[in-house]
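Please treat every number below as a calculation from the coordinates, not as lab data. The structure displayed is predicted, hence computed values, not measured ones.
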Amino acid sequence: MSTNNIRIAVQKSGRLSDDSLKLFKECGIKFESGGSKLRSISSNFPIEFLFLRDDDIPGYVEDGVADLGVVGLNVLMEHTRKVDVVKELGFSKCRLSLAIPRGENYTDLKQFEGKSIATSYPNLTSQFLLKNGVKAEMHEISGSVEIAPSIGLAEGICDIVSTGGTLLSNGLKEVATVFQSQAVMIANATLSSEKQAILDKLLFRIDSVQRGQNAKYVVLNVQEQNIDKVTALLPGMKSPSVLPLATKGWFSLHSVIEENDFWNIIENLRDAGAEGILVLPIEKMIL
Ligand SMILES: Nc1ncnc2c1ncn2[C@@H]1O[C@H](COP(=O)(O)OP(=O)(O)OP(=O)(O)O)[C@@H](O)[C@H]1O
Ligand SMILES: O=P(O)(O)OC[C@H]1O[C@H](OP(=O)(O)OP(=O)(O)O)[C@H](O)[C@@H]1O
Ligand SMILES: [Mg+2]
């Protein structure tokens, strides 16, 4: 079985690793992780995990050392790599942004003309500025970028922002977004048909998990005369299940709705006569 394994590179430890491991576990894939072990073969799915630094993952996938990888789109796009993005994973969402010292006025991007910018993403940053007609000097550093203006290393920075907390604690303000990022699954461009079949199975499982995460199972009670009104508000996978309750004239309705829709329709459900509304998580959803 091991020669037919698909090999996937995931981050050993950092902002991508917990959610990556959680996703594969939710897909029902059993494997050991943590500690100093850098390789792990699943006991119930034909996959081998390699635990690596995230920066190395696109190169390994391009070269075929790994067949698949999980990496931030920001890291992938910084270096041109011939790999396929096969799935947006929806976690490690962040943006690459330009920032300047908080006390300085900001008018527009032209302000960066001829200025020095500290960044770990010189290609994405300079391409973005050039597209906007601005030529700046990139000062590449590999981390702690937010310190650069305060120690006189650069006039501005371009780095990853999520909550904005790091910018704030370092006296900086975000002035323009260069790139929106999230974790993606990448694949080698020339997978064998056997490996492609394993990838298809894996993507099927990921889709089922992701669908479940966006949906909620809703159970509610309603009197017979209000069933049609309430049903009209519930999209469901097909139509809702309607089950009689022990109390005559009352029914229980079961349905699936998008989490985003839920808060929009909850008031309407109550107005239409729904009572005792329960909202439950869905582990997996197969269409
Ligand atoms: N604050 C954040 N919130 C959400 N996602 C983030 C955040 N910071 C980084 N990311 C995303 O997670 C990826 C990995 O970030 P991390 O900080 O763990 O990288 P790293 O320090 O380079 O790790 P490694 O040791 O593997 O090289 C980034 O490339 C980005 O896509
Ligand atoms: O907007 P925030 O929520 O504050 O997040 C942004 C920070 O998160 C990342 O660093 P991380 O904490 O992963 O440390 P690292 O630089 O060691 O990778 C990124 O490089 C920023 O510094
Ligand atoms: Mg890294």
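So which lysines pass the test for LYS229, namely a Cα distance under 25 Å, with those fewer than 8 places away in the same chain ruled out?
Partners within reach: LYS216, LYS238, LYS248.
Lysines near LYS135 by alpha-carbon distance under 24 Å, same-chain residues fewer than 8 away left out - which ones?
The qualifying lysines are LYS110, LYS115, LYS173.
Just to confirm my numbers, what's the Cα centroid distance between region 168-247 and region 85-101 in Å?
About 20 Å separates the Cα centre of region 168-247 from the one of region 85-101.
Which lysines have a Cα less than 28 Å from the Cα of LYS195, not counting those fewer than 8 places away in the same chain?
Correct list for LYS195: LYS12, LYS22, LYS25, LYS30, LYS37, LYS82, LYS87, LYS284.
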